[in-house]
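Colleague: Starting off with a structure, shown below.
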Amino acid sequence: MRLAIVSDIHANLEALDAVLADIDARQVDDVVCLGDFVGYGASPNECVERLRPRISGAVIGNHDAAAVGRLSLGDFNSDAATAARWTEGSLSAESRAYLEGLPYTIGRGAALLVHASPLEPEAWHYVLSPTDAAEEFEAFVEPICFIGHSHFPGAFERAGEEMRYSRLSEVATQPGRRYIVNVPSVGQPRDSDPRAGYALWDDQRGIVQHVRLEYDVDGAMKRIRDAGLPPFLAERLRWGE
Ligand code: ZN
């Protein structure tokens, strides 16, 4: 199976269109979404509508939960909270019902898929260090778990008691070892690479690839400014921060 995994679109339609065009140009068997369809960007309904017919399943992200009133904005910084309130007011009844109905985890092949962390999917932990990952590996049994949330692509590999972390764009998985793979963000990269991203997993060959793509950043920035959202949310797209 060749699976495309998109995550953290954050209502960035220009980035999503670039990613979907790239997926179209490859032979993939299935597409799934790891959540955060909305929040920060100016095209929440368009992103939900564009993605829904293209994916076989999805999990809920914290920004989706906030936009449908399933999560308090207490942990959000002021720009994120402003955007969440704007998104809540902008969502169509149909988009809202779709996001509300999303589960916290799904499975595909030998993989578990969750937005933030397998340990407590509803608590939105960040898995950024080997110490964070050690605890998370105890919380699932599958050989591989795909996560989003941090917008910082990388992979933790567990071989017995040993833990390795890699930021390479390709991960070759080894039999008998286990993995937590943080996939790139489609619409709000934060690893200083402003390109849109997603992951491709070939479970026969045991290869995970982080794909990055140029897209119309200026168009996405303009839409955010025109919507009256905080200007920093447009600016950060230029730098990928
Ligand atoms: Zn996110």
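The values are calculated or read from the model by the stated rules, or taken from the named source; none is laboratory data. Since this is a predicted model, take the numbers as computed values, not measurements. Ideal geometry is used to build each Cβ from the backbone, glycine not excepted, and the neighbour counts take in all protein chains shown. Ligands, DNA and RNA are excluded from the accessible area calculation, which covers all protein heavy atoms including side chains. Shrake-Rupley method; radii C 1.70, N 1.55, O 1.52, S 1.80 Å.
Colleague: Test Arg223 against the criterion of being touching a Leu at 6+ places or on another chain (Cβ under 7 Å) and charged (D, E, K, R), and give yes or no. Steps first, please.
Modeller: Working: touching a Leu at 6+ places or on another chain (Cβ under 7 Å): no; charged (D, E, K, R): yes.
Criteria not met by Arg223.
Colleague: Yes or no: Phe152 hydrophobic (A, V, I, L, M, F, W, C), open to solvent by 50 Å² or more (accessible area, probe 1.4 Å) and free of Cβ contacts under 8 Å to residues at least 40 places away in the same chain?
Modeller: Taking the combined requirement at face value, the residue satisfies it.
Colleague: Here are some residues: Ser43, Ser56, Ser90. Which one is in contact with a Lys or Arg (Cβ under 7 Å, 6 or more places away or on another chain), at pLDDT 95 or above and at negative phi?
Modeller: Only one candidate qualifies: Ser43.
Colleague: Of these, Pro130, Pro121, Pro103, which one is within 12 Å of Gly35 (Cα to Cα) and open to solvent by 40 Å² or more (accessible area, probe 1.4 Å)?
Modeller: Pro103
Colleague: Sticking with this one: Output the residues belonging to segment 135-149 that are among the hydrophobic types (A, V, I, L, M, F, W, C), more than 16 Å from the ligand (Cβ to nearest atom) and surrounded by 14 or more Cβ atoms within 10 Å (Cβ to Cβ).
Modeller: Across segment 135-149, the qualifying residues are Phe137, Ala139, Phe140, Ile144, Cys145.
Colleague: Now, a different point. Looking only at segment 16-24, decide whether some residue is buried (at least 24 other Cβ atoms within 10 Å of the Cβ), among the hydrophobic types (A, V, I, L, M, F, W, C), within 16 Å of the ligand (Cβ to nearest atom) and assigned to a helix (DSSP H, G or I).
Modeller: Scanning segment 16-24 turns up at least one residue that is buried (at least 24 other Cβ atoms within 10 Å of the Cβ), among the hydrophobic types (A, V, I, L, M, F, W, C), within 16 Å of the ligand (Cβ to nearest atom) and assigned to a helix (DSSP H, G or I).
Colleague: While we're here: Go through segment 220-229 and report how many residues are open to solvent by 20 Å² or more (accessible area, probe 1.4 Å) and either among the polar types (S, T, N, Q) or in a helix (DSSP H, G or I) (or both).
Modeller: 4
Colleague: Of the residues Asp8, Asp79, only one is crowded, with 24+ Cβ neighbours inside 10 Å, within 15 Å of the ligand (Cβ to nearest atom) and acidic (Asp, Glu); which?
Modeller: Every option except Asp8 fails the conditions.
Colleague: Output the residues belonging to segment 48-71 that are part of a helix (DSSP H, G or I), touching a residue at least 40 places away in the same chain (Cβ under 8 Å) and surrounded by fewer than 24 Cβ atoms within 10 Å (Cβ to Cβ). Give the steps one after another, and end with the answer.
Modeller: Going through segment 48-71, the residues part of a helix (DSSP H, G or I) turn out to be 48-54, 62-67.
From what is left, the residues that are touching a residue at least 40 places away in the same chain (Cβ under 8 Å) are 48-49, 51-52, 62-63.
Answer for segment 48-71, where residues must be part of a helix (DSSP H, G or I), touching a residue at least 40 places away in the same chain (Cβ under 8 Å) and surrounded by fewer than 24 Cβ atoms within 10 Å (Cβ to Cβ): Val48, Glu49, Leu51, Arg52, Asn62.
Colleague: Being in contact (Cβ under 8 Å) with a residue 60 or more places away in the chain and within 20 Å of the chain's Cα centre (by Cα) narrows it down to one residue among Glu142, Glu214, Glu136; which is it? Give the derivation first.
Modeller: Details: Glu142 fails: in contact (Cβ under 8 Å) with a residue 60 or more places away in the chain; Glu136 fails: in contact (Cβ under 8 Å) with a residue 60 or more places away in the chain.
Sole residue among the options that is in contact (Cβ under 8 Å) with a residue 60 or more places away in the chain and within 20 Å of the chain's Cα centre (by Cα): Glu214.
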